[in-house]
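J.: My questions will all concern the structure given below.
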Amino acid sequence: MSERYDHLKRRCPILGGPVTFQYCRRYEGGNQPCGRVFDCWWEYFDIVNYMRSCLSESQFDALCKNQPKPKISSLLELIARAKSSKGCEKK
């Protein structure tokens, strides 16, 4: 992948602190971009075309399919799992 935008920084919604684009594009053990890369970097540059040019077609398709769920959906799933694992006993 090109290192053209590696110096850019922004706050990471996962880590809660500043990270460079280089960190995001090498997120999964150095060989896969973070699944939130489109959501985080679209305001800085044309991230979709950039990733399309840097990744193979199958890698790009996998990244597009690997988009995280909205936070509210994740929270509702966690609440539902917690309720079902505890049995939601009322006292």
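Each value in this text was obtained by applying a stated rule to the coordinates, not by laboratory testing. Quantities reported herein were computed from a predicted structural model and do not represent experimental measurements. Every residue, glycine among them, receives a Cβ derived from its backbone with ideal geometry; neighbour counts consider all protein chains shown.
J.: In the stretch 14-43, which residues are in a loop (DSSP other than H, G, I, E, B) and surrounded by fewer than 13 Cβ atoms within 10 Å (Cβ to Cβ)?
T.: Once the filter is applied, which keeps residues that are in a loop (DSSP other than H, G, I, E, B) and surrounded by fewer than 13 Cβ atoms within 10 Å (Cβ to Cβ), the stretch 14-43 yields Leu15, Gly16, Gly17, Glu28, Gly29, Gly30, Asn31, Trp42, Glu43.
J.: Enumerate the pairs (first residue in the stretch 42-61 and closer than 23 Å to His7 by Cβ; second residue anywhere and assigned to a loop (DSSP other than H, G, I, E, B) and of a type in the set (D, E, K, R)) with beta-carbon separation below 9 Å, excluding pairs fewer than 6 apart on the same chain, so at least 6 apart or on different chains.
T.: Hits for this filter: Phe45/Arg4; Tyr50/Arg4.
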